[in-house]
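Have a look at the structure below, then the notes.
The values are calculated or read from the model by the stated rules, or taken from the named source; none is laboratory data. Note that the structure is a prediction, hence the values are computed from the model and not measured. A quick note on method: Cβ atoms are made from the backbone with ideal geometry, for glycine too, and the neighbour counts reach across all protein chains shown.
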Amino acid sequence: MVDIFDFGPTLDEYAVMGNPIAHSKSPRIHGLFAEQTGQAVHYSAIQVDPGGLEQAVGNFIASGGRGLNITVPFKQDAWELVDTRSARAERAGAVNTIKMESVTLYGDNTDGVGLITDLQRNHGVVLQDTRILLMGAGGSARGVLAPLLEQQPAQLVIANRTEGRARDLAEAFADLGNVHGCGYDALGEIQFDVLLNATAASLQGELPPLPDGLLAANSVCYDLMYGAEPTSFMQWAEQQGAGSVFDGLGMLVEQAAESFFLWRGIRPDTAPVIKTLRQELH
């Protein structure tokens, strides 16, 4: 006999918080992960007003939420908010994944592993002994710096509109490799093998003030953002003659898979999810 009040398994609640958030593909990604792995998960997107992260997280957890992804511009705020952190989040000074553990919040940062996995496994990019330009000095840049330096590039330059922030960030990671920071106006004399846009400029259709002549032969240009059309940075890279140009859709899926593994203990297969999202974008 079927119990008419049996509504099926209770879904564990997860979400992404950011501003803006309407564009986020994270609910779709985690929905595909849940379908693929048979996990009882519901995942939503929540827009948070500036200064409102602590209250938003508190409300979500109080309503039974099990975990969160945190995106622009709250990753450093999330680092301050959590009770304990993984070693990689501690080093990054930024948190993009929160897990509820008993009555405490555990913070992790999966951005770096997401980027490295996408570059190396999905695109075949070699980072060792290369010259890397990382644009931006916010939470996204902080999350990927240590994993990038672990690949032993010959040089890593952080460029930012506010030169002091780039220099401070480089100094904080100087023990891991050859890294220094500067403003965009200091880039004219250097060429790079790998250029990574970790700014949020692409969300507004804007471009960091990049000089011509930055790209070495067969250079790789990668925007951590993504969209249905090439971002402004990707368009610039094509015009400058880049060898390869990629957006951050693969990174988004790979870092999401790391978050899903942290929450559920199961690692989803990312390749079909990336393929599905790419088809849906177009």
Go through segment 184-225 residue by residue and tally those that are in a loop (DSSP other than H, G, I, E, B) and either touching a Lys or Arg at 6+ places or on another chain (Cβ under 8 Å) or surrounded by fewer than 23 Cβ atoms within 10 Å (Cβ to Cβ) (or both). 16
Identify the residue in segment 116-157 that is among the polar types (S, T, N, Q) and surrounded by fewer than 22 Cβ atoms within 10 Å (Cβ to Cβ) and, among all such residues, is farthest from residue 86 (Cα to Cα). 130
Can you pull out the residues in segment 226-246 that are at negative phi, in a loop (DSSP other than H, G, I, E, B) and over 17 Å from the mean Cα position of the chain (by Cα)? 228, 229, 230, 240, 242, 243
Show the residue pairs meeting these rules: Cβ distance below 6 Å; 6+ apart or different chains; first residue within segment 255-282 and among the charged types (D, E, K, R); second residue surrounded by 14 or more Cβ atoms within 10 Å (Cβ to Cβ) and assigned to a helix (DSSP H, G or I). 258/113; 267/261
Cβ-Cβ under 7 Å, sequence separation 6+ or interchain: first residue in segment 58-79 and of a type in the set (Asp, Glu), partner assigned to a helix (DSSP H, G or I). Which pairs? 77/53
With criteria (1) over 20 Å from residue 44 (Cβ atoms); (2) surrounded by fewer than 21 Cβ atoms within 10 Å (Cβ to Cβ), residue 247 comes up short on (2)
What's the number of the condition residue 148 fails, among (1) of a type in the set (A, V, I, L, M); (2) farther than 23 Å from residue 14 by Cα; (3) without any contact (Cβ under 8 Å) to a residue 12 or more places away in the chain? (3)
Right, residue 267: within 20 Å of the chain's Cα centre (by Cα), modelled with pLDDT of 95 or more and not assigned by TED's automatic domain parsing to the domain that holds residue 76 or not? no
All positions within segment 113-143 that are over 15 Å from residue 253 (Cα atoms) and of a type in the set (A, V, I, L, M, F, W, C): 125, 126, 127, 132, 133, 134, 135, 137, 141
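Looking only at segment 264-282, count every residue that is polar (S, T, N, Q) and surrounded by 14 or more Cβ atoms within 10 Å (Cβ to Cβ) and tell me the total. Full working, then the answer.
Applying the first criterion (polar (S, T, N, Q)) to segment 264-282 yields 270, 276, 279.
Next, only the ones that are surrounded by 14 or more Cβ atoms within 10 Å (Cβ to Cβ) stay: 270, 276.
Residues meeting the conditions: 2.
For segment 1-110, please list each of the helices (runs of 4 or more DSSP H) lying entirely inside it that holds at least 3 residues being under 25 Å from residue 268 (Cα atoms) and at pLDDT 95 or above.
Details: elements: 26-37, 53-62, 75-81, 87-92.
In segment 1-110, the matching helices (runs of 4 or more DSSP H) lie at 26-37, 87-92.
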Selection count where residues are surrounded by fewer than 20 Cβ atoms within 10 Å (Cβ to Cβ) and either assigned to a loop (DSSP other than H, G, I, E, B) or touching an Asp or Glu at 6+ places or on another chain (Cβ under 9 Å) (or both), scope segment 250-263: 1
